[in-house]
1. So what J values fall out for region 38-52 if you push phi through Karplus, 6.51 cos²θ - 1.76 cosθ + 1.60 with θ = phi - 60°, rounded to Hz, Gly and Pro as x?
2. Highest first, please rank the peptides 19-27, 4-12 by the mean number of other Cβ atoms sitting within 10 Å of their residues.
3. Give me the net charge for the shell around Glu36: Cβ to Cβ below 14 angstrom, other residues only, Lys and Arg +1, Asp and Glu -1.
4. Taking 7 Å along the Cα-to-C-beta vector as the label spot, tell me the Glu27-Ser42 distance in nanometres, rounded to one decimal.
Amino acid sequence: MRRRFFLIANPGAGVAGVPLVEEVMRELASRGATVERTTAASLKIATHAAREAAESGRYEGNPIAFWKFA
């Protein structure tokens, strides 16, 4: 299993957003993973954060994004 993740959350993603993010983070941690979390209030900011995370080499796999599209 991959062990290092970067998670991007949209704080305006609705009622289920924050609890779902917390649940995913707990589940990954229970399996020995580390998760760095950031929030992004716009798709442009989220895209920039994802690109930086992917290019940094610090994380395994693609960044995880929790986003609600209008």
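Quick note: the coordinates plus some simple rules give every number you see, no bench work behind them. All figures in this text were calculated on a predicted structure; none of them were measured in a lab. We place every Cβ from the backbone using ideal geometry, glycine too, and count neighbours over all the protein chains shown.
1. 9, 10, 9, 8, 9, 5, 4, 5, 4, 4, 5, 4, 5, 4, 4
2. Ranking, from highest mean packing down: 4-12, 19-27.
3. +3
4. Going from the Glu27 label point to the Ser42 one covers 3.2 nm.
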